[in-house]
Amino acid sequence: MAKVMLRYDSKGAISFYVAKKDMEETILKSEFDSDERWGGEVELSNGEVWYIDPCVKKFPAEVVAKRISE
């Protein structure tokens with residue numbers, strides 16, 4: 001598990017940043033995508049899939065995420 005910073009980038013996409021790995025990717029799609037419930041399995045621009053506990057869609061936010069696959 002890793003602490004992840006989520007924020008909107010300059011293009012309005014959601015940026016996924018892991019400081020310990022100095023990795024910043026764009027979230028391409030998420031399992032849940034409403035303002036009240038956002039998260040679940042998310043697919044990153046590098047092909048990795050991570051899990052974020054569903055939460056309210058309010059960014060910037062720091063969350064705990066778990067990598068599911070590469």
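Please treat every number below as a calculation from the coordinates, not as lab data. Please read all numbers here as calculations on a predicted model, not as lab measurements. Quick reminder, even Gly has a Cβ in these numbers, built from the backbone with ideal geometry, and neighbours come from all protein chains shown.
At a glance:
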item: Single match in Ser10, Ser15, Ser34, Ser69 (criterion: among the polar types (S, T, N, Q) and within 11 Å of the chain's Cα centre (by Cα)); result: Ser15
item: Qualifying residue in segment 3-21 (condition: in contact with a helix residue (DSSP H, G or I) (Cβ under 8 Å, 6 or more places away or on another chain) and of a type outside the set (Lys, Arg)); result: yes
item: Strands (runs of 3 or more DSSP E) (entirely within the chain) containing at least 2 residues that are surrounded by 15 or more Cβ atoms within 10 Å (Cβ to Cβ) and free of Cβ contacts under 8 Å to residues at least 24 places away in the same chain; result: 14-18, 23-33, 38-44, 49-55
